[in-house]
1. For the stretch 175-233, report the % of Cα-Cα distances exceeding 16 Å.
2. When only alpha-carbon atoms are used, what values of Rg and Dmax, in angstrom, describe the stretch 128-250?
3. Which far-off residues, 5 or more places away or on another chain, put their amide H under 5 Å from the one on MET219, with H placed in the peptide plane?
4. Evaluate the relative contact order of the stretch 89-163 (contact order divided by residue number), counting alpha-carbon pairs under 8 angstrom at least 6 apart; express in whole percent.
5. Can you give the FRET efficiency for THR55 and HIS140, using 1/(1 + (r/R0)^6), R0 = 35 Å, r = Cβ-Cβ distance, to the nearest 0.05?
6. Using a 1.4 angstrom probe on the protein heavy atoms only, line up SER137, SER87, SER58 by accessible area, largest first.
7. Taking only the alpha carbons of the stretch 89-163, what extent do you get along each of the three principal axes, in Å, biggest first?
8. Testing the spin-label approximation: label points 7 Å from Cα along Cα→Cβ at GLU4 and SER104. State their distance in nm.
Amino acid sequence: MTLEVRNLSKSFGGLRAVSDVSITVRPGTIHSILGPNGAGKTTLFNVVTGALPPTSGSVHLMGVDVTGRRPDELVYKGLARTFQRTSIFPSVTVAQNVALALRSRMKLNTSMRVDGDARQLIESETLRVLGAVGLASQAHTTAGQLSHGSQHALDIAIGLALSPKFLLMDEPLAGMSRGDRERIASVIRSLRDEHQLTVVLVEHDVDIVMRLSDTITVMQNGAVIAEDEPLAIQKSPIVKRAYLSGEIAA
Ligand SMILES: Nc1ncnc2c1ncn2[C@@H]1O[C@H](COP(=O)(O)OP(=O)(O)OP(=O)(O)O)[C@@H](O)[C@H]1O
Ligand SMILES: [Mg+2]
């Protein structure tokens, strides 16, 4: 039940954005990836989720080599992601946003008539995922009118549609107020503790990463420079020297 990245590299022309990265994500954990801007975190996500082909190396999902599979195939195999910027439709309701994501994952054309079973599945899934992120009471609100924090919660709900086993989250707390960040942090914790999800988290808020994570991998210039539990990462001389001294020592 693991997600395993083996010796993965991704180059853009002469730039090695991801360089020989190997990571094993244990099931039922929150595994965070820390690193300065340009370290290669989003590129790693893009390759793992099938949005970009790797230059070399492989990705294994629950023991199966899934390198180069398309994102929609990987969603069916239990691997979903959220994006660095929210990808919601602002002019339709919260529930319609989830339903649209579900329809596209169920390969239903939105103009097609949905038969009774599919409609029921969409309705129950929509309620389930909105409940999981605390948005059930705002199901009929227009998404664009939600607070910034709630829009990110909706993005997570869309990621949860169709019950992935692994959810890769790229900066889910970016640009939020302190209060919203704490709210989304507890949603992320509940994904692990109450919904048995495995979360791979890219996030610059070091304080929250330290509190949420079971394991932290630190990247710099495309490569992994450290991986350990939060306390050990906090104390690691390599990590301190390379990048985090100010933020973590504080
Ligand atoms: N499609 C692309 N074409 C060319 N270069 C790219 C492309 N995507 C990313 N890069 C480069 O690869 C490097 C890694 O970028 P990436 O976005 O993966 O970093 P990141 O760790 O996610 O940074 P941030 O914390 O700012 O989001 C950067 O130098 C970036 O400019
Ligand atoms: Mg990024």
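The values are calculated or read from the model by the stated rules, or taken from the named source; none is laboratory data. Worth saying up front: this structure is predicted, and the values here are computed from it rather than measured. Note that we place each Cβ from the backbone using ideal geometry, even for glycine, and neighbour counts take in every protein chain shown. These accessible areas exclude ligands, DNA and RNA; they are computed on the full protein's heavy atoms, side chains included. Shrake-Rupley method; radii C 1.70, N 1.55, O 1.52, S 1.80 Å.
1. Values: 814 of 1711 pairs.
Within the stretch 175-233, distances greater than 16 Å cover 48 percent of Cα pairs.
2. 15.8, 50
3. Amide H neighbours of MET219, under 5 Å, 5+ apart: LEU34, GLY35, ILE225.
4. Numbers: 76 pairs, mean separation 36.6, N = 75.
The normalised contact order for the stretch 89-163 reaches 49 percent.
5. Numbers: r = 46 Å, r/R0 = 1.32.
So the FRET efficiency works out to roughly 0.15.
6. Values: SER137 110, SER87 65, SER58 25 Å².
Sorted by accessible area, descending: SER137, SER87, SER58.
7. 33, 23, 18
8. Distance between label points: 3.2 nm.
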